[in-house]
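Notes follow the structure.
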Amino acid sequence: MSLPPSAEPLSAPLLARALCRSLAQLGYRSLVEFPLANGRRADLLALGKGGDFMIVEIKTTVADFRSDRKWPLYRSFADRFAFAVPRGFALALIPEECGLILADPFGTEFLREGRLSPLNASRRRALTLSFARIAAARLAHKLDPEAVHSGEA
């Protein structure tokens, strides 16, 4: 799919929405702003049909990418790690071992998958339970915003 160039800066939430849609077509279910056990927060964590995890970090500008030094800390929480960037981004900046996705509010183009680095069983189990609890808490909050819902911790 060829994406049209964007005339204005793109927001991360718009790109996240397009990423969630595209990943769903590939069999993934995604949660945005996912808290990791190391205290960091991934822009998007996607869970595949086979239990595999992918973290996607959204970078809307080169300055945003250059100022972010924490992304290597996310890699041990997923089987694959990728950056999603808008068209016109300096693609050569993205490390070869990372996946690369072009995104705009209407769609995505997967340029490369990124290196597979399988999680160990205990990390996968903990991440799967955390994913389920957070998804359930977010759904419960959507259904009943006034109730107290724990699970995001």
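What the table shows:
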{"read-out": "Considering residues of the stretch 55-77 that are among the acidic types (Asp, Glu) and over 14 Å from the mean Cα position of the chain (by Cα) only, the residue surrounded by the most Cβ atoms within 10 Å (Cβ to Cβ)", "value": "64"}
{"read-out": "Top-ranked residue of the stretch 127-153 - restricted to ones that are in contact (Cβ under 8 Å) with a residue 40 or more places away in the chain and surrounded by 14 or more Cβ atoms within 10 Å (Cβ to Cβ), ranked as farthest from the chain's Cα centre (by Cα)", "value": "138"}
{"read-out": "First in the stretch 46-57 and small (Gly, Ala, Ser), second anywhere and assigned to a loop (DSSP other than H, G, I, E, B), Cβ under 7 Å, 6 or more apart", "value": "46/28; 48/27; 48/28"}
{"read-out": "Any hit, the stretch 35-50, residues being of a type in the set (Lys, Arg), within 11 Å of the chain's Cα centre (by Cα) and part of a strand (DSSP E or B)", "value": "yes"}
{"read-out": "Options 112, 123: the member that is of a type in the set (D, E, K, R), modelled with pLDDT of 95 or more and closer than 19 Å to residue 38 by Cα", "value": "123"}
{"read-out": "Leading residue by the ranking (surrounded by the fewest Cβ atoms within 10 Å (Cβ to Cβ)) among those in the stretch 22-34 that are among the small types (Gly, Ala, Ser) and in a helix (DSSP H, G or I)", "value": "24"}
{"read-out": "Residues that are among the basic types (Lys, Arg) and touching a strand residue (DSSP E or B) at 6+ places or on another chain (Cβ under 7 Å), drawn from the stretch 84-135", "value": "87, 112"}
{"read-out": "Qualifying residue in the stretch 39-50 (condition: of a type outside the set (D, E, K, R), touching a Leu at 6+ places or on another chain (Cβ under 9 Å), within 22 Å of residue 139 (Cα to Cα) and exposed (fewer than 13 other Cβ atoms within 10 Å of the Cβ))", "value": "no"}
{"read-out": "The one condition in (1) touching a Cys at 6+ places or on another chain (Cβ under 6 Å); (2) at pLDDT 95 or above that residue 98 fails to fulfil", "value": "(1)"}
{"read-out": "Filter result (part of a loop (DSSP other than H, G, I, E, B), of a type in the set (D, E, K, R), in contact with an Asp or Glu (Cβ under 9 Å, 6 or more places away or on another chain) and in contact (Cβ under 8 Å) with a residue 24 or more places away in the chain) within the stretch 68-117", "value": "79, 87, 115"}
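The values are calculated or read from the model by the stated rules, or taken from the named source; none is laboratory data. Given the structure is predicted, the values throughout are model-derived calculations rather than measurements. As a convention, Cβ positions derive from the backbone with ideal geometry for all residues, glycine included, and neighbour counts pool all protein chains shown.
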